[in-house]
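Peer 1: Take a look at the following structure, please.
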Amino acid sequence: MARSLVAQPAWHIVKRRRRKNMTHQRSKFRMACAAAAILAGSAVSAADCPEGFPGKTVNFWVGYGAGGGTDLISRTLASIIEEKEGWTISVANKPGAGSSVMMTQLAASPPDGLTVGITSTGAVSKVPNRNPDSPYSIGDFTYLGTAQLTPVSVTTLTDKPFDNYEEMIAYAKKNGSMTISTATSDANIFFDEISEREGVRIILVPNKGTAESLQQILGGHVDAALLGSGHVQHLKSGKMIQIFTMGDRPAPFAPDAPSSKDLGYDFIGAVSYVLVAAPDGLEPAVQTCLEQVLDEAVNSEEFAKVQATYDQQALNLGAKETTALLEREFAKFKDYYNTEK
């Protein structure tokens, strides 16, 4: 039976990771400048917060590496909130193990409202079910809402010998295998099914986030990459092409790329949201404050403009709907991994 494989990072890839990526740094600088310019006209907040809160620096912990889509969203939200609320927010990247490094630390943090984690919904619904020794689970957090529906897609360089799904499969068969870079710890769920249906060998190359995935694909170290939105600028420039998008609809920034449903797949957990969470046990007044502050920022004109720059759409499901979504997805993945055993 054909299966996708998870490869250990090759020594030459590790060496290259140590090198300065000046193009990446300049891109980060331009994104930050664009976000800062848009934030200049922010309005006054109407959030209902306890008097004197927060009183200290609020920490935003990002579950993925610097320079990726989640990082940009986190820093944009922080800037908007600082402008509207007058808060001081420190943003720190804590990548690793599909965001579980950050989530483990978040679960162990005091529930005082001063530490907020920003990750993907899969870090809660999938990762604890996949890892029976996970130090955290769904009940360890308070879910404040979401910031964006993030289309996850298989993407490659335009100079590769394939530019659609059928050609990609033909390429993998001809070469005996193909490599796909991913920061998604459970990507094998998708690619095992593809491997088994198509009779191909797919090798997954793990990394800590979008920035590393981009380095691997742009450097020619892998055949394709599983990405969220951090590659949109490369789609626009013509350097990359989207093969297909996970879920039941095309991505707004790649309308011509089919969805996985169009290709006949019904993957569980194929749709991902940018999730905003805090440790479990927040005081109700603090929780209400953080929910409202998040909702104002996500639905602000400033955030919408930054999202539009990258052909994304802001979306906050709200605390109640976010929690319900995670509970449904958590149950599905629990059944999946129990069946696998």
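The values are calculated or read from the model by the stated rules, or taken from the named source; none is laboratory data. Everything numeric here is computed off the predicted structure, so don't read it as measured data. Ideal geometry is used to build each Cβ from the backbone, glycine not excepted, and the neighbour counts take in all protein chains shown.
Peer 1: In this structure, is ASP159 assigned by TED's automatic domain parsing to the domain that holds ALA107, acidic (Asp, Glu), at negative phi and surrounded by fewer than 19 Cβ atoms within 10 Å (Cβ to Cβ)? Before you say what the answer is, go through the steps one by one.
Peer 2: Values: assigned by TED's automatic domain parsing to the domain that holds ALA107: no; acidic (Asp, Glu): yes; at negative phi: yes; surrounded by fewer than 19 Cβ atoms within 10 Å (Cβ to Cβ): yes.
Answer is no for this residue.
Peer 1: Also, quick follow-up: Name the pairs whose Cβ atoms lie under 6 Å apart, with the first residue in segment 243-270 and on the phi > 0 side of the Ramachandran plot, the second surrounded by 16 or more Cβ atoms within 10 Å (Cβ to Cβ) and in a strand (DSSP E or B), and 6 or more positions between them or separate chains?
Peer 2: GLY247/SER259
Peer 1: Which pairs do you get when a residue that is outside the structural domain of ALA66 (by TED's automatic domain parsing) and at pLDDT below 90, found in segment 189-217, comes within reach of a residue that is of a type in the set (Phe, Trp, Tyr) and surrounded by fewer than 22 Cβ atoms within 10 Å (Cβ to Cβ), reach meaning Cβ atoms under 7 angstrom, with the pair 6+ apart or on two chains?
Peer 2: The qualifying pairs are ILE189/PHE267.
Peer 1: Then there's this: Cβ-Cβ below 9 Å, separation at least six or inter-chain, first residue in segment 113-140 and at positive phi, second aromatic (Phe, Trp, Tyr): which pairs?
Peer 2: Between residues of segment 113-140 that are at positive phi and residues that are aromatic (Phe, Trp, Tyr), the close pairs are GLY113/PHE53.
Peer 1: For GLY238, are the conditions met, namely being at positive phi and either assigned by TED's automatic domain parsing to the domain that holds ASN59 or hydrophobic (A, V, I, L, M, F, W, C) (or both)?
Peer 2: Values: at positive phi: yes; either assigned by TED's automatic domain parsing to the domain that holds ASN59 or hydrophobic (A, V, I, L, M, F, W, C) (or both): no.
For GLY238, the condition - at positive phi and either assigned by TED's automatic domain parsing to the domain that holds ASN59 or hydrophobic (A, V, I, L, M, F, W, C) (or both) - is not met.
Peer 1: Would a scan of segment 304-314 turn up a residue that is closer than 17 Å to PRO128 by Cα, among the polar types (S, T, N, Q) and in the same structural domain as TYR143 (by TED's automatic domain parsing)?
Peer 2: Just the residues of segment 304-314 that are closer than 17 Å to PRO128 by Cα, to begin with: none.
Checked against the condition, which is being closer than 17 Å to PRO128 by Cα, among the polar types (S, T, N, Q) and in the same structural domain as TYR143 (by TED's automatic domain parsing), segment 304-314 yields no hits at all.
Peer 1: Keeping to segment 200-247, report how many residues are outside any strand (DSSP E or B) and either under 18 Å from the mean Cα position of the chain (by Cα) or not charged (D, E, K, R) (or both).
Peer 2: Initial filter on segment 200-247 (outside any strand (DSSP E or B)): 200-201, 207-223, 228-239, 246-247.
With either under 18 Å from the mean Cα position of the chain (by Cα) or not charged (D, E, K, R) (or both) added as a condition, the list becomes 200, 207-222, 228-235, 237-238, 246-247.
Of the residues in segment 200-247, 29 are outside any strand (DSSP E or B) and either under 18 Å from the mean Cα position of the chain (by Cα) or not charged (D, E, K, R) (or both).
Peer 1: Sticking with this structure for a sec: For segment 305-330, give me each residue that is assigned to a helix (DSSP H, G or I) and at pLDDT below 95.
Peer 2: Let us first name the residues in segment 305-330 that are assigned to a helix (DSSP H, G or I), namely 305-309, 318-330.
Those that are assigned to a helix (DSSP H, G or I) and at pLDDT below 95: LYS305, VAL306, GLN307, ALA308, THR309, LEU325, ARG328, GLU329.
Peer 1: Using the structure shown, decide if PHE267 is of a type outside the set (A, V, I, L, M) and at pLDDT below 95. It would help to see each step written out before you state the result.
Peer 2: Values: of a type outside the set (A, V, I, L, M): yes; at pLDDT below 95: yes.
Answer is yes for this residue.
Peer 1: Taking strands (runs of 3 or more DSSP E) that do not extend beyond segment 141-197, which have at least 1 residues that are more than 23 Å from LYS126 (Cα to Cα)? Lay out the reasoning, then the answer.
Peer 2: Values: elements: 141-150, 153-157, 178-182.
Here the list reads 153-157, 178-182.
Peer 1: Hey, among the residues in segment 98-149 that are of a type in the set (Asp, Glu) and either modelled with pLDDT of 95 or more or within 17 Å of ASP280 (Cβ to Cβ) (or both), which one's surrounded by the most Cβ atoms within 10 Å (Cβ to Cβ)? Give the steps one after another, and end with the answer.
Peer 2: Here is the first cut: in segment 98-149, the residues of a type in the set (Asp, Glu) are 112, 133, 140.
Checking the rest, the ones that are also either modelled with pLDDT of 95 or more or within 17 Å of ASP280 (Cβ to Cβ) (or both) come to 112, 140.
Numbers: ASP112: 17, ASP140: 19.
That would be ASP140.
Peer 1: Of the residues that sit in segment 203-248 and are under 22 Å from TYR171 (Cβ atoms) and in contact with a Pro (Cβ under 6 Å, 6 or more places away or on another chain), which one is surrounded by the most Cβ atoms within 10 Å (Cβ to Cβ)?
Peer 2: THR245
Peer 1: While we're on this one: Collect the residues in segment 174-188 that are hydrophobic (A, V, I, L, M, F, W, C) and within 19 Å of GLY219 (Cα to Cα), keeping them in residue-number order.
Peer 2: Filtering segment 174-188 down to residues hydrophobic (A, V, I, L, M, F, W, C) leaves 178, 180, 183, 187.
Those that are hydrophobic (A, V, I, L, M, F, W, C) and within 19 Å of GLY219 (Cα to Cα): MET178, ILE180, ALA183.
Peer 1: Another question, if that's okay. In the set SER259, SER177, which member is hydroxyl-bearing (Ser, Thr, Tyr) and assigned by TED's automatic domain parsing to the domain that holds THR158? Lay out the reasoning, then the answer.
Peer 2: On the way: SER259 fails: assigned by TED's automatic domain parsing to the domain that holds THR158.
Just one listed residue meets the conditions, SER177.
Peer 1: Something else now. Collect the residues in segment 85-133 that are assigned to a loop (DSSP other than H, G, I, E, B) and touching a Ser or Thr at 6+ places or on another chain (Cβ under 9 Å), keeping them in residue-number order.
Peer 2: Here is the first cut: in segment 85-133, the residues assigned to a loop (DSSP other than H, G, I, E, B) are 86-88, 94-96, 108-114, 121, 126, 131-133.
Passing the criteria: GLY86, TRP87, THR88, SER109, PRO111, LEU114, THR121, LYS126, ASN131.
Peer 1: To continue, here is another question. So, of the residues in segment 274-292 that are under 20 Å from MET102 (Cβ atoms) and either part of a strand (DSSP E or B) or among the hydrophobic types (A, V, I, L, M, F, W, C) (or both), which turns out to be nearest to the chain's Cα centre (by Cα)?
Peer 2: VAL274
Peer 1: Any chance segment 284-298 includes a residue that's buried (at least 17 other Cβ atoms within 10 Å of the Cβ) and under 16 Å from ALA251 (Cβ atoms)?
Peer 2: No, there is no match, as no residue in segment 284-298 is buried (at least 17 other Cβ atoms within 10 Å of the Cβ) and under 16 Å from ALA251 (Cβ atoms).
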